[in-house]
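The values are calculated or read from the model by the stated rules, or taken from the named source; none is laboratory data. Being a predicted model, the structure only gives us computed values, none of them experimental. For the accessible areas, the whole protein counts, side chains as well, though only heavy atoms, and no ligand, DNA or RNA atoms are used. Shrake-Rupley method; radii C 1.70, N 1.55, O 1.52, S 1.80 Å.
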Amino acid sequence: MRMATWNIGTMSRRSGEVVEVMSRRGVDVCCVQETRWKGGSARWMGMHGSMYKFFWQGCEDENTGVGMLVAEKWVDQVVSVTRVNERVMVMKLVVCRRLFNIISVYAPQVGRSTEDKEEFWDKLYELVNGIPTGEAVVLGGDMNGHVGQHTIGFEGVHGGMGFGTRETILEFGDAMGMVVCNMFFRKADNHLVTFKSERSRSQIDYVMVSSVDRDMVKNVKVVAGEECVSQQRLVIADLLVRGGRKVRKKFVPKLKVWELKKGTVKEKFSECIRNRAGVTDGAEGANERWEAMKKEWLEVTEQVCGGTKGPARHKERWWWNDEAARVVEEKQACFKA
């Protein structure tokens, strides 16, 4: 499965180009930021053979907004979409019989008030902390912060292959048991930078997963040179999701009631029921009578007909009987003749 995160600047007059990049790069799910669309809804984008469904959440001033682009083949696996606010959005997606929580985030940028930043992190902490144990968590977004080059104090969160100086992101990962996947793959500095302008370059877009699922991330790379978005770069993560172990159902034996079609078995069953005709005499009320009669009938059925000893090797058909068998046998004889 291929995931991505991308700050696209705006989705207006750019949606077609963005979807074309997703299709060409083989991206299955992409977390997008700064969509600059109002409200929250979903719509199809792209052409036949490369369709994506876009889920988004915006705000009235059209300054922020987050969303997710989901490839057509994965849309039926979407369980739910929760739009927390214009900066946080989570989608539950079934992948190989496992429930994934894919989170798209857009952290407040430099210049925003301390209250805005604290509110964002509080919402994110609350969201991730509320995800049940056992469900996978994959977070992608523009975090508007740095993780630095050094791992001191955050060895389990940081892989030691970052760029710049560190900020709040590592503290979040340490508290939530998540790792910053960008930091675990050796790349040249130019392939670590996710934002580049004439005056500066920095690494502010990340993919994070639960520490227990770190091994499923096989590569994270930064793609430069997509013309539709000049400064922000596309970040792609390749995930190897293995199918969950199929649990074998415990065999529950069934009474072979179909044996009652045989004349001798039917007569024996009737005789046993007649011999136990008075079992309900001492019962009071309809429910007690029914339970007593039910118990006797089940015991007689098990005694006369027996029960299955294992799962059926062939699925039984309700329409198969002696007449059907005779017709099939005649057809096969005519075919051989």
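On full extension, the segment bounded by VAL84 and LEU99 gains 3.5 nm, given 0.36 nm per residue less the C-alpha separation.
According to the calculation over all Cα-Cα pairs in segment 1-148, the P(r) per 5 Å bin from zero is 2, 9, 20, 23, 21, 14, 8, 3, 0, 0 %.
Running a GNM on the chain with Cα contacts under 10 Å, which residue among PHE54, PHE120, PHE269 ends up with the highest mean-square fluctuation? Comparing PHE54, PHE120, PHE269 in the GNM, the peak value goes to PHE269. Extension gain, ARG14-MET47: 0.36 nm per intervening residue step, less the Cα-Cα distance, totals 10.4 nm. Using heavy atoms of the protein chains and a probe of 1.4 Å, the accessible area assigned to LYS38 is about 110 Å².
Please report the carbon-and-sulfur percent of the accessible area for the chain; probe 1.4 Å, protein heavy atoms only, DNA, RNA and ligands left out. Summing carbon and sulfur atoms, their accessible area is 49 percent of the total for the chain.
In the full protein context, the chain carries 60 Å² of accessible surface per residue, based on a 1.4 Å probe and ignoring ligands, DNA and RNA. The alpha carbons of segment 189-337 occupy a box of 98, 65, 26 Å along the principal axes, longest dimension given first. Each principal axis of the Cα cloud of the chain was evaluated for its coordinate range; sorted largest first, these ranges are 97, 64, 40 Å. For helix 15-25, what angle does its Cα long axis make with the longest principal axis of the chain, in degrees from 0 to 90 and rounded to 10? Compared with the principal axis, the helix lies near 70 degrees. Please give the Cα centre distance for segment 22-81 versus segment 238-293, rounded to the nearest Å. What the calculation gives is 51 Å, centre to centre. For ASN144, the residues whose modelled amide H falls within less than 5 Å of its own, excluding neighbours fewer than 5 places apart on the same chain, are ALA107. Considering the chain as a Gaussian network with a 10 Å cut-off on Cα pairs, which listed residue, CYS96, CYS31, CYS181, attains the greatest mean-square fluctuation? Comparing CYS96, CYS31, CYS181 in a Gaussian network model of the chain, the most mobile one is CYS96. Based on DSSP H segments of at least four residues, each scored -39500 (n - 2.57), the chain has a per-residue ellipticity at 222 nm of -8500 deg cm²/dmol.
Result for the chain in a Gaussian network model with C-alpha springs under 10 Å: among GLY134, GLY310, GLY39, the largest mean-square fluctuation is at GLY310.
Full extension of the chain segment joining ILE273 with TRP290 gains 4.7 nm, where the gain is 0.36 nm per residue of separation less the Cα-Cα distance. Normalised Debye scattering of segment 249-292 at q = 0.18, 0.32 Å⁻¹ gives log10 I(q)/I(0) of -0.76, -1.01, counting only Cα atoms as equal scatterers and leaving out solvent.
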